[in-house]
Amino acid sequence: MRVPMIAGNWKMNTTVSEAIELVNEMRQGLDEIDGVDKVICPPFISLAAVYGAIKGSSVRLGAQNLYFEEKGAYTGEISPLMLADLCEFVIIGHSERRQYFNETGEMVNKKILAALRIGLKPILCIGERLEENEAGRTEEIITEQLRSSLAGVDYPGSLTIAYEPVWAIGTGKAATGEQANKTIGFIRGKIAKLYSDGIAQDMRILYGGSVNADNIAKFVQQPEIDGALVGGASLKATDFVSIVKQTSQIRANLSKES
Ligand code: PGA
């Protein structure tokens with residue numbers, strides 16, 4: 001059984017003091033919930049402070065990006081080596097980075113390789129844009145994103161994939177549970193072909209895009225969906241705790257039934 005994961009992507013929100021306040025608001029509620037990996041991804045500048053604030057708790061830390069070189073003259077960038085001191089996870093290839101910062105498949109691939117090399121666990125984001133979805137090209141786009149992102153990755157052991165249809169991110173228009181389940185099943189099939197059935201069955205694949213406390217249930221009820229990458233709703237402590245709690249309860253019920 002794959003342990004579900006709920007990861008909160010805070011994006012470019014919260015000052016350092018607001019980040020500490022937010023984590024303090026959710027920490028106890030999250031610690032009371034079992035059976036779900038809880039990850040928060042604050043902005044770089046708050047990572048050290050949040051690292052201190054979650055010491056001794058079950059909440060785990062991720063970054064939202066990294067640069068692929070370990071050190072050197074790359075003004076303004078943050079290296080895998082720097083993150084590895086503080087973080088366990090790192091989001092790579094988010095569509096906002098592809099869209100606003102011209103991140104290419106090749107860069108995403110270099111970042112994945114750099115993260116794995118240093119022992120950071122990547123959360124690789126893939127997903128089609130609206131026009132690609134409407135043209136029936138979802139599977140083609142996802143196949144290409146997987147191929148380019150994972151080039152040269154011999155063993156993707158600690159990798160998590162987040163399927164995030166771009167048209168669902170920040171729009172309030174989430175995919176349906178069935179749609180997301182079908183595409184995530186397709187992704188799992190591709191991983192099986194690229195690696196092995198065993199690796200595909202062990203890999204966590206999340207859904208992301210307008211997930212909130214009112215719709216999380218319809219995603220985590222689905223057999224292929226192992227949790228969610230949550231943007232906007234991860235900035236409200238009560239909502240985020242509720243999303244994690246519902247995931248835990250639904251998963252516990254499903255495993256009792258099976
Ligand atoms: P959203 O963002 O939940 O605000 O749609 C999801 C994401 O970008 O990971």
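The values are calculated or read from the model by the stated rules, or taken from the named source; none is laboratory data. Just so it is clear, the structure is predicted and the values come from calculations on it, not from any experiment. A quick note on method: Cβ atoms are made from the backbone with ideal geometry, for glycine too, and the neighbour counts reach across all protein chains shown. With ligands, DNA and RNA removed, areas are computed over all heavy atoms of the protein, side chains included. Shrake-Rupley method; radii C 1.70, N 1.55, O 1.52, S 1.80 Å.
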Single residue of the range 213-258 satisfying the filter (in a loop (DSSP other than H, G, I, E, B) and among the hydrophobic types (A, V, I, L, M, F, W, C)) that is most open to solvent (accessible area, probe 1.4 Å): Ala213
Pairs, please: C-beta under 8 Å, at least 6 apart or cross-chain, first residue over 14 Å from Lys111 (Cα atoms) and in the range 67-81, second of a type in the set (Ser, Thr, Tyr) and at pLDDT 95 or above? Tyr74/Tyr67
Out of (1) in a loop (DSSP other than H, G, I, E, B); (2) among the charged types (D, E, K, R); (3) open to solvent by less than 50 Å² (accessible area, probe 1.4 Å), the odd one out for Asp154 is which? (3)
Could you grab me the full set of residues in the range 11-52 that are of a type in the set (Gly, Ala, Ser) and either surrounded by fewer than 20 Cβ atoms within 10 Å (Cβ to Cβ) or in a strand (DSSP E or B) (or both)? Ser17, Gly29, Gly35, Ala48, Ala49, Gly52
Tyr163 - would you say it is among the aromatic types (Phe, Trp, Tyr) and farther than 27 Å from Asn215 by Cα? no
Any chance the range 54-76 includes a residue that's within 29 Å of Gln145 (Cα to Cα), open to solvent by 30 Å² or more (accessible area, probe 1.4 Å) and among the acidic types (Asp, Glu)? yes
Near pairs, Cβ below 7 angstrom, 6+ apart or cross-chain, from the range 88-99 (farther than 15 Å from Ile78 by Cβ and touching a residue at least 40 places away in the same chain (Cβ under 8 Å)) to any residue that is more than 10 Å from the ligand (Cβ to nearest atom) and in a loop (DSSP other than H, G, I, E, B): Gly93/Glu103
With the first residue restricted to the range 137-151 and required to be of a type in the set (Ser, Thr, Tyr), and the second required to be in a loop (DSSP other than H, G, I, E, B) and open to solvent by less than 10 Å² (accessible area, probe 1.4 Å), Cβ contacts under 7 Å at 6 or more apart or on different chains are Thr138/Glu128; Ser149/Gly93
